[in-house]
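Below is one structure, written out as structure tokens; the observations come after it.
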Amino acid sequence: MPDERQAVFGGRPWSERYTYVPAMRVGNFVWLSGTTGTDDENKQITAPGDIVEQTRQIFRKFETLLKEYGGSCDDIVATTDFFTTHENYRATAAVRREFFKTARPTSTGVLVAGLIREHALIEISAVAVLRNPPT
């Protein structure tokens, strides 16, 4: 059934102890969970103190998740950025241009006092609509 909920893991093992999944697909929609710039094992921030590289790592993770269903970051229609500092935040726009080749998703930015992941400067969630999903 095409509207059935499908957890998306991006080909990675995912612990049952987590109470969420990296992404959820229903039909052509994919909701990408709030994601920080951690390594592939989700153990540590890849670039402490560097919001630009943390943003790049987040979008790399989104690409991996979306590829599982034939998508890419160009399928993202909305993002929400939670960031802890204005310092270098404007430079994250260049990273968005790297990943959103033809797309210009809606976006909300929220300055927060802190994030759960230690050393995370930014966490992004997104929604994608797959244009050419596999059947």
Q: Quick one: count up the residues across segment 11-32 that are within 30 Å of residue 86 (Cα to Cα) and crowded, with 18+ Cβ neighbours inside 10 Å.
A: 4
Q: Could you grab the pairs with beta carbons closer than 9 Å, sequence gap of 6+ or different chains, first residue in segment 29-41 and free of Cβ contacts under 8 Å to residues at least 24 places away in the same chain, second one basic (Lys, Arg) and part of a loop (DSSP other than H, G, I, E, B)?
A: 41/12
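Return a yes/no flag: does segment 77-87 have any residue that is more than 18 Å from residue 103 (Cβ to Cβ), buried (at least 22 other Cβ atoms within 10 Å of the Cβ) and touching a residue at least 12 places away in the same chain (Cβ under 8 Å).
Step one: filter segment 77-87 for residues more than 18 Å from residue 103 (Cβ to Cβ), giving 82-87.
Filter again for buried (at least 22 other Cβ atoms within 10 Å of the Cβ), leaving 83.
Among the residues that remain, those that are also touching a residue at least 12 places away in the same chain (Cβ under 8 Å) are: 83.
Yes: one or more hits.
What residue, of 66, 121, is under 18 Å from residue 29 (Cβ atoms), crowded, with 18+ Cβ neighbours inside 10 Å and touching a Ser or Thr at 6+ places or on another chain (Cβ under 6 Å)? Full working, then the answer.
Working: 121 fails: under 18 Å from residue 29 (Cβ atoms).
Result of the check over 66, 121: 66.
So in segment 88-102, with the set limited to residues that are surrounded by 14 or more Cβ atoms within 10 Å (Cβ to Cβ) and within 15 Å of the chain's Cα centre (by Cα), which one is farthest from residue 55 (Cα to Cα)? It would help to see each step written out before you state the result.
Start the filter on segment 88-102 by keeping residues that are surrounded by 14 or more Cβ atoms within 10 Å (Cβ to Cβ), which leaves 88-89, 92, 95-96, 99-100.
If we keep only those that are within 15 Å of the chain's Cα centre (by Cα) too, we end up with 92, 95-96, 99-100.
Details: 92: 7, 95: 7, 96: 8, 99: 11, 100: 13 Å.
Filtering segment 88-102 for residues that are surrounded by 14 or more Cβ atoms within 10 Å (Cβ to Cβ) and within 15 Å of the chain's Cα centre (by Cα), the one farthest from residue 55 (Cα to Cα) comes out as 100.
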Q. On the given criteria, is residue 17 over 19 Å from residue 120 (Cβ atoms) and either in contact with an Asp or Glu (Cβ under 8 Å, 6 or more places away or on another chain) or assigned to a loop (DSSP other than H, G, I, E, B) (or both)?
A. yes
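The numbers here are math on the coordinates, done by the rules we state, and not lab data. Everything quoted here is computed from the prediction, not taken from an experiment. When we count neighbours, we look across all protein chains shown, and the Cβ atoms used for this are built from the backbone with ideal geometry, even at glycine.
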